[in-house]
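What follows is a single structure, written as structure tokens, with notes after it.
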Amino acid sequence: MSVLAFDLGASSGRALAGGLDGGRLALEEIHRFPNDPVQVGARLHWDILRLYHEVKQGILKAHQQGFAPRSIGIDSWAVDFGLIGANGELLGNPYHYRDHHTDGIMDEVFARVPKADIYARTGLQFLQFNTIYQLAALVKANSPVLAAAEKLLMIPDLLRYFLTGVMKGEYTNASTTQLVGALSRDWDDGLIAGIGVKRSLFPEIAQPGTFVGTLAPEVQQELRVGPIPVVAVAEHDTGSAVAAVPALDRDFAYLSCGTWSLLGTELDRPVLTEQALAWNFTNEGGYGGTYRLLKNIMGLWLVQECQRVWEKEGRKFTFAELAELAAAAPGFRSYVDPDDDRYLSPADMPAEIRAYCRETGQPVPETEGEVIRCVLESLAMKYRWVLERTEKLAGVTFGGLHIVGGGIHNTLLCRLTANAIRRPVWAGPAEGSAIGNVLVQLIAAGEIPSLAEGRRIVRDSFGVASYEPEDGESWAKEYERFLKVVQLEA
């Protein structure tokens, strides 16, 4: 195995060794660890030093198992960051994007910088936890941490800095901040000034596939390893996942399915039209100068939170067991809009789902299976809604939908999605972000000549499960009912 990839998700992280073996991509999991947020008083934080410890454990275990990686890459979720002081040390634990300190901040920012202007500059979807609003919230709170900060580093940048001592940003993740120009691909000085933070806070941006330092001497000494190079991969995990989509056609639609669902396509230029703004689509940076025209959907977070609540009540289910209960429950009973703000960070997710159904005059799901069936069918319907808008914005008709990420293990969701969108679903690979991380490192090392060749290798290496649509007439009628219930335009 020639490279080591760290893929950090909102609930867990993993280290995988990857490389080419007989023209195919081989992966081996080295280390897996939980990523639990920590509530301190009113604030929700990431336990960043624990994550750094686990990254070092992954490097150590790789060597203990006989791997000598030629490079290391880290990808993670977007928008969150750490602040570095004048002495080069981290100033406090990073906030979690679900923390409530950004509540109400978006409208305050729009009063200073018009919403349409922000979109014209960045092409980014408006979400209350975007980095721009997190920073505006710190400014409003007169944060002493922000006042003392010299540099802002996104989560993968921060971990990379701990490993190497080099402070650099990375383009795909920086593009999610809503502070990077869609066309310039660099920090937007006007927006930075508009929220009242200093321009010097923001590091130089490296493009994905760039070597940005080696393990620092103290890290080498601690782990008893050599000066391993560290690569800025496509450090937003969705950027890595899209790099790994095994599409053979230039025009394709993808769904990166995990805690979040991100559905869209890959383009050569951003779509900055009034329609894209009205539909709140995002244009995030991709590998190789591309753009990811997509929309965030709340995703399997709803299932995860239901599972968490039921476990606290003494009813413990695996995700597979919940999917089985949902498959046995009656379909087409109740719908929710997965992207309603009430589901962003509720105390009791099942109670919120039931309350919505009650408020909208629908049958209230009572059993665990009925609740999960409601969530999964609602997600499938929302996927159709977003897919059709993606086609209109991109001016392309897609023959089907590629799904990558851990969500492909939920075969019921894959079947429901094929039925809802009325076209095939191609599911795989599951470890999309980690595979994309490995691909970018191998391309940077010259082992794979291009991303197109990398995608072909992924398809040959891992295979794809196909799901064909069924029962079209019933799903067409139910889609119309879903739109009416959640008050969305066709």
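The values are calculated or read from the model by the stated rules, or taken from the named source; none is laboratory data. Worth saying up front: this structure is predicted, and the values here are computed from it rather than measured. For neighbour counting, all protein chains shown are included, and Cβ atoms are generated from backbone atoms with ideal geometry for every residue, glycine included. These area figures cover heavy atoms from the full protein model, side chains too; ligands, DNA and RNA do not enter into them. Shrake-Rupley method; radii C 1.70, N 1.55, O 1.52, S 1.80 Å.
Structural remarks
- The charge dipole of the chain, taken about its Cα centre with unit charges on the Cβ of Lys, Arg, Asp and Glu (plus for the first two, minus for the last two), comes to roughly 340 debye.
- Anchor LYS115: lysines whose Cα lies under 27 Å away (excluding residues fewer than 8 positions away in-chain): LYS140, LYS151, LYS198, LYS295, LYS382, LYS392
- Against the set (i) 24, 59, 17, 0; (ii) 24, 53, 21, 2, 0; (iii) 13, 23, 19, 14, 12, 9, 5, 2, 1, 1, 0, the structure's computed P(r) over Cα pairs in 20 Å bins from 0, in percent falls on (i).
- Listed residues ASP471, ASP157 arranged by accessible area, highest first, probe 1.4 Å: ASP471, ASP157
- A 1.4 Å probe over all protein chains sorts VAL230, VAL139 by accessible area into VAL139, VAL230, starting with the largest.
- Remark: the Cα gyration tensor places the stretch 219-316 in the oblate category, a/c being 1.5 or greater and a/b not exceeding b/c.
- Candidates per GluC sites (Glu not before Pro) in the stretch 397-490, loop by DSSP, up to 12 other Cβ within 10 Å: GLU470, GLU489
- For the stretch 232-285, the relative contact order comes to 23 percent (Cα pairs under 8 Å, sequence separation of at least 6).
- Think of each Lys and Arg Cβ as +1 and each Asp and Glu Cβ as -1; about the Cα centre, that makes the dipole of the stretch 294-356 roughly 120 debye.
- Net length gained if the chain between ASP189 and ALA147 were fully extended (0.36 nm per residue, minus Cα distance): 13.3 nm
- Maximal additional length on extending the GLU29-LEU488 stretch stands at 161.0 nm, based on 0.36 nm per residue less the C-alpha distance.
- Counting 0.36 nm for each residue step from GLU447 to ALA42 and taking away their Cα separation leaves a gain of 141.0 nm.
- With K and R counted +1 and D and E -1, the other residues having a Cβ less than 14 Å from that of GLY432 yield a net charge of -1.
- Charge dipole (the stretch 376-430, unit charges on Cβ, about Cα centre) - positive-most of LEU379, ALA427, VAL396: VAL396
- Between the stretch 444-483 and the stretch 56-90, the Cα center-to-center distance that results, in Å: 31 Å
- Centroid-to-centroid, using Cα positions, the stretch 407-425 and the stretch 366-393 are 10 Å apart.
- With each label modelled as a point 7 angstrom along the Cα→C-beta vector, the ARG269-ASN87 pair spans 5.1 nm.
- The helix-based estimate of mean residue ellipticity at 222 nm for the chain, built from -39,500 (n - 2.57) per DSSP H run of four or more residues and divided by its residue count, is -12000 deg cm²/dmol to the nearest 500.
- Ligands, DNA and RNA left out, the accessible area of the chain computed with a 1.4 Å probe is 49% carbon and sulfur.
- Average Cα contact separation per residue, the stretch 42-167, under 8 Å, 6 or more apart, as relative contact order %: 36 percent
- Three-way shape label, the stretch 332-490, alpha-carbon gyration tensor, a/c 1.5: prolate
- Largest accessible area first, the residues ARG422, ARG481 order themselves as ARG422, ARG481 under a 1.4 Å probe with ligands, DNA and RNA left out.
- Under the criterion of Cα pairs below 8 Å and six or more residues apart, the relative contact order for the stretch 70-140 equals 34 percent.
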